[in-house]
Amino acid sequence: MEKGQISIDLLITLIVAIIAVGAMGAIIATYSEAQERSTIQQQLQYDALKTASLITASQALSDTNFRIESRIGAIFYTDENNNYHSAYPDMNIITNNKLNLSLTVKGQKQDANAYFYADTLTTISTDSVKATGTVVITNAQ
């Protein structure tokens, strides 16, 4: 072993350790972003299915006048600067029996669809979902 050999081995070991720590940091950051996207998608899907089930279940009352107000939960997420925010998703009735919830986070739109049954007398108002998270289902005979 020559003089200075230990210092070269130590230098190479330190470089490898620094590269390994940096790679682990990148993996953890990617995993964290994927986990947040998955959580948002699950929240959207849950709220879409819950609302579609409520609309379908309301048909048991279809021979009466009724008004049902249901709240959709706010979705919590972080922005590009890791600041926490919450927002209500956008809700749209796509066809006579399909609803869509969507939210744009960090420039990526995420959405969830659910299907329901409603007769022609049932009215579903999604106007106040974005502001208050409230869906109004009515039947006026």
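The values are calculated or read from the model by the stated rules, or taken from the named source; none is laboratory data. As the structure is a computational prediction, the values presented were derived from the model and not from experiment. Reconstructed Cβ throughout: ideal geometry from the backbone, glycine too, with neighbour counts over all protein chains shown.
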* Structure fact -> By residue number, the members of the range 98-114 that are modelled with pLDDT of 90 or more and either surrounded by 15 or more Cβ atoms within 10 Å (Cβ to Cβ) or within 15 Å of SER58 (Cβ to Cβ) (or both) are LEU99, ASN100, LEU101, SER102, LEU103, GLN110, ASP111, ALA112, ASN113, ALA114
* Asked: Somewhere in the range 80-88, is a residue within 15 Å of GLN45 (Cα to Cα) and acidic (Asp, Glu)?
  -> no
* Quick check: anything in the range 27-43 acidic (Asp, Glu), farther than 22 Å from LEU121 by Cα and in a helix (DSSP H, G or I)? -> yes
* Structure fact -> Filtering the range 36-55 down to residues that are buried (at least 16 other Cβ atoms within 10 Å of the Cβ) and of a type in the set (Val, Ile, Thr) yields ILE40, THR51, ILE55
* Which residue, of GLU69, GLU33, is touching a residue at least 40 places away in the same chain (Cβ under 8 Å), surrounded by fewer than 15 Cβ atoms within 10 Å (Cβ to Cβ) and either under 29 Å from LYS109 (Cα atoms) or not hydroxyl-bearing (Ser, Thr, Tyr) (or both)? -> GLU69
* To do: Could you tell me whether any residue of the range 66-73 is assigned to a helix (DSSP H, G or I) and out of contact with any Lys or Arg (no Cβ under 7 Å at 6 or more places or on another chain)?
  => no
* Among the residues of the range 73-85, is there at least one that is over 26 Å from GLN35 (Cβ atoms) and exposed (fewer than 11 other Cβ atoms within 10 Å of the Cβ)? -> no
* Yes or no: ALA57 within 30 Å of VAL129 (Cα to Cα), touching a Phe, Trp or Tyr at 6+ places or on another chain (Cβ under 6 Å) and assigned to a helix (DSSP H, G or I)? -> no
* Structure fact -> Of ILE72, ILE15, ILE19, ILE40, the only residue that is in contact with a strand residue (DSSP E or B) (Cβ under 6 Å, 6 or more places away or on another chain) and either of a type in the set (Lys, Arg) or at negative phi (or both) is ILE40
